[in-house]
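Beneath this line is the structure, given in C-alpha cells, with notes to follow.
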Amino acid sequence: MAVTLRIPTVLRPATGGRATVDAVGATIGEVLGSLSQEYPALTPQLFNDDGSLHRFLNVYVNDDDVRYLGGLAAPVVDGDEVTLLPAVAGGASA
Amino acid sequence: MTRYESVLEMIGNTPVVNASALSPNPNVAIWVKLEGRNPAGSVKDRVAISLVEAAEREGRLIPGQAGQTLIEPSSGNTGIALAMVCRLRGYHLKVVLPSNVSIERRQLLLVWGAEIVDSPGSEGSNGAVRMAQTLAAENPSWVFLYQYANPANPLAHYTHTGPEILADVPEITHFVAGLGTSGTLMGVGKYLKEHKPGTQIWAIEPPSGEMVDGLRSLEDGYIPPVFTDNDGANLLDRKVVVRPKESIEWTRRMSEIGLFVGISSGAIMAGAVKCASLIPEGESATIVTIACDDGWKYLSTGAWTDDIDEVVERAKRIIYF
C-alpha cells in the first residue's frame, strides 16, 4: 500500500525539510518502519525505546488517531493520508 | 427551580436539545447539551466552582480572607469562569492567557476583575501552561489550581455533567466531546462507562496548525495529567481531528436549528456528524454532544457573516478551544 505522510515542522529537519513523504506498508507500523529506514534520524522521534509509538507523537489516518484504531497494527490502504503531529495542550490554535 | 440565592447555584443543569435535523444518518439522533447556559457562559463554570471548592475544603483557600491570589493558565473560558467565582469569593485571579484569543474573551476576564498575564500566542496553550507553572513556582504564596492536572476538574463532570446527560438522554450510545484539558471526556466518560456500559466515548481534537509549528522539539509536547491519571487512552474509543473549515461550517449549520454556539461547538458537532455517518446501515444510535459556549465571544471573528475562506484563515490565528 502506498500512502502519503504529512510531516510536521518539528520533524522536518530529519526529512531534509520535506513536508510530505511517500511510504509503503500494510499497517501504520510498517509505514513508519519504512519511513524510519529512509530517514534514520527520525527513528527516535517516531518510536519509544521499546518500539511503541513515541508518547508525544500523534498519528492520524485520514484524521483518525491510530491509537484508537489498533495502534501500530492499524491498517492502511492505497491513497490514505497519514498525518504526524506532536501532542499539544488542548486549546491549540486552529 | 428558577429562583436562586446566588449565581453560583445556577451552574449546571443545562438543557439538552434535539439536533437530529442536522444528522446525516436518519437512524442516528444527535442531542446537544447547551453549556453556554451556565452563568459565566461556558462549561468551564462547572470546573471553576469545583476547583475552588476543592481548594477551600483542603484549606488552600479561605473565603473572605484578604490577600489571596490565584494563578491559572487558560485560553479563555476557564479564566472567565474562575474570574466570576473569584469575584464572589474575594480572591484575586491572575490568568495566563495566550495573546491570540478573541477580544471578547479578554474583555470578559476584565469584567470580573481578573488580571491578565500575556503569554506568547505562537506557543498557544502549551506556552500559557509553562508560564503559569514558572510563575507559580516563583511565587509559592499564590494558589495554582492547575486545571490540567487537578482531579476536581474531571470530578465536576463525573458528579454533575455525566448524571445530567444520562438522566436526560438515557438511550445514549455515543458521547462526543472536545479534548482540551480532557476533563469533560474523562469525567463524563468514566460516569457513562460505569452506569451505561458500552457507551462509546469519542474525543474531538481541535486542529493544531500554526501553534504546533512553533514547537522546537517533540519533547515540548504535552499530555494533560488529567488524561493520563484517568487512563484516557483506554477510556476513549476513538479520537478524530477536525479541520478549521469544518468547524466554521458546522458552527453555521447549527444556526439553522436556532443554535448560536461557539466555534469549538461547531468543531465538536462536525465530529458528531462524522460519528453519525460511520454508524453502519441498519443500526441506530443516539449521540450526545456538548456545546461548550455560545457564539457571543466569537462575533468579532465574523464567523457567521464573512466569507468562509477569510473566516477560516482568521480562525487559524485565534484560539477557540
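If you go through the stretch B:283-319 and keep only what is open to solvent by less than 50 Å² (accessible area, probe 1.4 Å), within 13 Å of chain A (Cβ to nearest Cβ) and part of a helix (DSSP H, G or I), you end up with B:Tyr298, B:Thr301, B:Val311, B:Val312, B:Ala315. Restricting to the stretch B:229-282, and then to whatever is β-branched (Val, Ile, Thr) and more than 14 Å from every other protein chain (Cβ to nearest Cβ), can you tell me which residue is farthest from B:Val43 (Cα to Cα)? Checking each candidate, the answer is B:Ile279. I want to confirm something. Restricting to the stretch A:53-78 and keeping residues that are open to solvent by 70 Å² or more (accessible area, probe 1.4 Å) and under 18 Å from A:Asp22 (Cα atoms), which single residue is farthest from the other protein chains (Cβ to nearest Cβ)? Result: A:Asp78.
Kindly provide the set of residues from the stretch B:72-102 that are outside any strand (DSSP E or B) and over 18 Å from the mean Cα position of the chain (by Cα), ordered by number.
Step one: list which residues in the stretch B:72-102 are outside any strand (DSSP E or B), which gives B:74-91, B:99-100, B:102.
Across the stretch B:72-102, the qualifying residues are B:Cys86, B:Arg87, B:Leu88, B:Arg89, B:Gly90, B:Tyr91, B:Ser99.
The set of residues from the stretch B:179-211 being in contact with a His (Cβ under 9 Å, 6 or more places away or on another chain), of a type in the set (S, T, N, Q) and crowded, with 24+ Cβ neighbours inside 10 Å comprises just one member, B:Thr184.
Among the residues making up the stretch A:29-60, a single one is β-branched (Val, Ile, Thr), free of Cβ contacts under 8 Å to residues at least 40 places away in the same chain and within 24 Å of B:Pro207 (Cα to Cα): A:Val59. Residues being among the acidic types (Asp, Glu), open to solvent by 10 Å² or more (accessible area, probe 1.4 Å), at pLDDT 95 or above and not assigned by TED's automatic domain parsing to the domain that holds B:Gly187 are represented in the stretch B:57-68 by at least one member.
Counting only residues that are within 17 Å of A:Leu69 (Cα to Cα) and either of a type in the set (Lys, Arg) or open to solvent by less than 20 Å² (accessible area, probe 1.4 Å) (or both), the stretch A:30-52 holds 2 of them. Contact map, the stretch A:71-94: first residue modelled with pLDDT under 95, second residue among the basic types (Lys, Arg) and part of a loop (DSSP other than H, G, I, E, B), Cβ cut-off under 8 Å, separation 6 or more or different chains; pairs are A:Ala87/A:Arg55; A:Ser93/B:Lys316; A:Ser93/B:Arg317; A:Ala94/B:Lys316; A:Ala94/B:Arg317. State yes or no: is B:Thr2 in a loop (DSSP other than H, G, I, E, B), within 26 Å of B:Ile319 (Cα to Cα) and not assigned by TED's automatic domain parsing to the domain that holds B:Asp118? Answer is no for this residue.
Name every residue in the stretch B:230-259 that is more than 30 Å from B:Arg314 (Cβ to Cβ) and either of a type in the set (Asp, Glu) or not in a helix (DSSP H, G or I) (or both), in order of residue number. Result: B:Asn230, B:Asp231, B:Leu236, B:Asp237. Against the list (1) open to solvent by less than 20 Å² (accessible area, probe 1.4 Å); (2) part of a helix (DSSP H, G or I); (3) touching a Phe, Trp or Tyr at 6+ places or on another chain (Cβ under 9 Å), the condition B:Phe227 fails is (1). Counting residues in the stretch B:27-48 that are touching a Pro at 6+ places or on another chain (Cβ under 8 Å), more than 15 Å from B:Glu164 (Cα to Cα) and modelled with pLDDT of 95 or more gives one or more.
Selection within the stretch B:269-282: residues that are out of contact with any Asp or Glu (no Cβ under 6 Å at 6 or more places or on another chain) and not in a loop (DSSP other than H, G, I, E, B). The member of this set that is most open to solvent (accessible area, probe 1.4 Å) is B:Ser277.
Kindly establish whether A:Gly33 is assigned to a helix (DSSP H, G or I) and more than 11 Å from chain B (Cβ to nearest Cβ). So that I can check it myself, show each step before the final result.
Working: assigned to a helix (DSSP H, G or I): yes; more than 11 Å from chain B (Cβ to nearest Cβ): yes.
Answer is yes for this residue.
A count restricted to the stretch B:15-52 and to residues that are outside any loop (DSSP other than H, G, I, E, B), more than 19 Å from the chain's Cα centre (by Cα) and more than 18 Å from B:Glu256 (Cα to Cα) stands at 1. B:Tyr146 meets each of the listed conditions (1) under 16 Å from the mean Cα position of the chain (by Cα); (2) free of Cβ contacts under 8 Å to residues at least 60 places away in the same chain apart from (2). Listed by first and then second residue, the pairs linking a residue in the stretch B:45-74 that is at positive phi to a residue that is outside any strand (DSSP E or B) and surrounded by 14 or more Cβ atoms within 10 Å (Cβ to Cβ), with Cβ atoms under 9 Å apart and 6 or more places separating them unless they lie on different chains, are B:Gly64/B:Arg89; B:Gly64/B:Gly90.
The values are calculated or read from the model by the stated rules, or taken from the named source; none is laboratory data. On a predicted model such as this, the values are computed, not experimentally measured, just so you know. Note that each Cβ is placed from the backbone with ideal geometry, even for glycine, and that neighbours are counted across all protein chains shown. Side chains included, ligands, DNA and RNA excluded: accessible areas come from the protein's heavy atoms. Shrake-Rupley method; radii C 1.70, N 1.55, O 1.52, S 1.80 Å.
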